[in-house]
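Only one structure is covered here, and it is reproduced in the block below.
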Amino acid sequence: MKAWVLGDPGQLTLTDKPVPRPGPAEVLVRIDACAICATDLDVISHGAPATIEGGLPFNRNFTPGHEYMGTIAALGPTVDEYAVGERVAVEIHAGCGRCERCRQGMYTSCLNYGRNYGEANKGHRANGFTTDGGFAQYAVNHVNTLVRVPEGISDEVATLIVTAGTAMYGLDVLGGLIAGQALVVTGAGPIGLLAVAVAKALGASPVILTDIRDDRLAIGRRLGADHTINASQEPAVEAVRRLNGGRGVHYVFEASGAPNAVNEAIRMVSRGGRVCLGAFAHQPALVDVEYIVTNNIYLFGIRGEGQSAVRRAASLLAQGKIDPSPVHTHTFPLAELPEALRYARDRVDGAIKVVVRP
């Protein structure tokens with residue numbers, strides 16, 4: 001099969017690799033579309049948060065890409081949960097299934113993360129992070145990571161099911177009971193935008209979206225945001241409190257990774273409020289712990305799409321309660337992956353979610 005392989009930092013080569021063979025409880029997926037995430041750009045340029053055989057992923061015959069969907073091409077031994085020809089979206093993480101966190105359903109926090117090689121192989125997999133990902137023609141996936149794509153959903157939109165699952169997981173961690181509760185989403189990237197859509201589907205009100213680009217805020221309004229705030233034009237904390245009658249909101253989903261995002265988020269919630277951190281920050285941040293403690297504010301961090309949130313996000317799509325299509329904006333052929341990556345990196349005003357297809 002054709003697959004892109006990461007060499008030195010920033011260096012990708014299209015090469016031939018053997019088609020992987022599914023083992024017990026695994027299927028072979030013919031990849032029909034793979035979205036480009038900002039984290040893919042980080043992995044290709046800097047390595048982290050990917051780790052291959054205990055080290056950085058450079059020059060290890062590693063194929064990046066973690067947000068893909070496709071068609072089941074072959075079944076491994078014992079697999080009867082799915083059939084050849086079914087279209088599936090693929091969760092990123094398959095935990096070891098044996099540690100305390102996996103048994104709690106927190107497989108994205110697997111205590112054996114990255115231990116899938118050598119004598120200490122515990123079976124953990126994270127597509128595009130600890131094992132080969134989706135910038136290829138085929139990939140092997142455990143049945144636990146598969147979610148059927150609802151009828152009528154395009155390949156491009158199906159790659160966004162896992163992104164919606166991450167948003168769903170963040171709302172789960174915040175408490176899940178958000179109907180009638182006020183929510184702020186900070187950062188109108190793909191996760192933030194789909195957090196707006198999922199929150200509205202679950203009845204949150206009002207849903208307020210902040211960002212610094214009007215075009216992304218406009219997409220947020222299409223996805224259901226009740227109010228949008230351009231944080232480059234007015235103080236976001238003051239605007240949130242004004243929109244919510246001078247009170248803080250119940251929840252904040254922080255999806256920007258901006259340096260002062262946490263300090264602003266804790267001032268958007270009321271006393272006893274909850275903040276979910278769902279974005280990778282690129283530098284350490286000073287946080288006002290005294291304010292957090294004084295106001296009994298809860299902070300949660302999430303990784304990926306745990307507790308089967310992707311399956312529930314797919315259900316919202318199937319019921320027509322969310323429509324991620326505005327988040328997908330550009331499609332490239334797989335053979336032009338380097339150009340697609342440059343587009344995703346450089347065209348920040350236009351490229352929300354870029355997808356590549358074989």
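The values are calculated or read from the model by the stated rules, or taken from the named source; none is laboratory data. As the structure is a computational prediction, the values presented were derived from the model and not from experiment. Here the Cβ is made from the backbone with ideal geometry for all residues, glycine too, and neighbour counts use every protein chain on show.
List pairs: first residue in region 89-100 and within 17 Å of Thr63 (Cα to Cα) and in a loop (DSSP other than H, G, I, E, B), second residue among the aromatic types (Phe, Trp, Tyr) and modelled with pLDDT under 95 anywhere in the structure, Cβ distance under 9 angstrom, at least six positions apart or on different chains.
Partner pairs satisfying both residue conditions: Glu91/Tyr107.
Criterion first (of a type outside the set (D, E, K, R) and either part of a loop (DSSP other than H, G, I, E, B) or not assigned by TED's automatic domain parsing to the domain that holds Phe280 (or both)) does Gly176 satisfy it?
Criteria met by Gly176.
Quick one: what pairs do we get from region 278-305, first residue within 17 Å of Gly248 (Cβ to Cβ), second surrounded by fewer than 12 Cβ atoms within 10 Å (Cβ to Cβ) and at pLDDT 95 or above, C-beta under 7 Å, 6+ apart or different chains?
Asn295/Arg271; Asn296/Arg271; Asn296/Gly272
Which of the numbered conditions does His142 fail, given that it passes all the others? Conditions: (1) surrounded by fewer than 24 Cβ atoms within 10 Å (Cβ to Cβ); (2) more than 23 Å from Tyr82 (Cβ to Cβ); (3) in contact with an Asp or Glu (Cβ under 9 Å, 6 or more places away or on another chain); (4) modelled with pLDDT of 95 or more.
The single condition His142 does not satisfy is (2).
Just one of Ala89, Ala120 is closer than 15 Å to His142 by Cα and out of contact with any Gly (no Cβ under 8 Å at 6 or more places or on another chain); which is it? Before you say what the answer is, go through the steps one by one.
Working: Ala120 fails: closer than 15 Å to His142 by Cα.
Going through Ala89, Ala120 in turn, the sole match is Ala89.
Listed residues Val262, Val354, Val289; which is of a type in the set (Val, Ile, Thr) and farther than 24 Å from Pro49 by Cβ?
Of Val262, Val354, Val289, the one residue that is of a type in the set (Val, Ile, Thr) and farther than 24 Å from Pro49 by Cβ is Val289.
Return the residues of region 161-183 that are in contact with an Asp or Glu (Cβ under 8 Å, 6 or more places away or on another chain) and not hydroxyl-bearing (Ser, Thr, Tyr); say none if nothing qualifies.
Val162, Gly165, Met168
Given the structure, is Gly152 farther than 23 Å from Ala48 by Cα and under 19 Å from the mean Cα position of the chain (by Cα)? Before the answer, list the steps.
Details: farther than 23 Å from Ala48 by Cα: yes; under 19 Å from the mean Cα position of the chain (by Cα): no.
No.
With respect to Glu156, is the statement that it is out of contact with any helix residue (DSSP H, G or I) (no Cβ under 7 Å at 6 or more places or on another chain), within 30 Å of Arg21 (Cα to Cα), buried (at least 18 other Cβ atoms within 10 Å of the Cβ) and charged (D, E, K, R) true?
When the stated conditions are applied, Glu156 passes them.
Of the residues Leu171, Leu202, Leu183, which single one is assigned by TED's automatic domain parsing to the domain that holds Gly273 and more than 20 Å from Gly105 (Cβ to Cβ)?
Going through Leu171, Leu202, Leu183 in turn, the sole match is Leu183.
Restricting attention to region 145-173, which residues are in a loop (DSSP other than H, G, I, E, B) and among the acidic types (Asp, Glu)?
Within region 145-173, the subset in a loop (DSSP other than H, G, I, E, B) is 149-154, 159-160.
Glu151 - this is the single residue of region 145-173 that is in a loop (DSSP other than H, G, I, E, B) and among the acidic types (Asp, Glu).
Looking at Gly23, Gly76, which is the one that is of a type outside the set (Lys, Arg), surrounded by fewer than 24 Cβ atoms within 10 Å (Cβ to Cβ) and closer than 27 Å to Ser154 by Cα?
Gly76
Can you give me the number of residues within region 47-82 that are in contact with a strand residue (DSSP E or B) (Cβ under 9 Å, 6 or more places away or on another chain) and part of a strand (DSSP E or B)?
Count: 11.
Determine, yes or no, whether Arg216 is of a type in the set (Lys, Arg) and within 21 Å of Ile178 (Cα to Cα).
On the way: of a type in the set (Lys, Arg): yes; within 21 Å of Ile178 (Cα to Cα): no.
No; evaluated as a whole, the condition is false for this residue.
What number of residues within region 1-46 satisfy the criterion of being in a helix (DSSP H, G or I) and either acidic (Asp, Glu) or free of Cβ contacts under 8 Å to residues at least 24 places away in the same chain (or both)? Steps first, please.
Initial filter on region 1-46 (in a helix (DSSP H, G or I)): 38-46.
Narrowing the set further to residues that are either acidic (Asp, Glu) or free of Cβ contacts under 8 Å to residues at least 24 places away in the same chain (or both) leaves 40, 42.
Of the residues in region 1-46, 2 are in a helix (DSSP H, G or I) and either acidic (Asp, Glu) or free of Cβ contacts under 8 Å to residues at least 24 places away in the same chain (or both).
Checking the structure you have, find out if any residue of region 134-147 is under 18 Å from the mean Cα position of the chain (by Cα), within 18 Å of Val29 (Cα to Cα) and β-branched (Val, Ile, Thr).
Within region 134-147 (the criterion being under 18 Å from the mean Cα position of the chain (by Cα), within 18 Å of Val29 (Cα to Cα) and β-branched (Val, Ile, Thr)), the answer is yes, since at least one residue qualifies.
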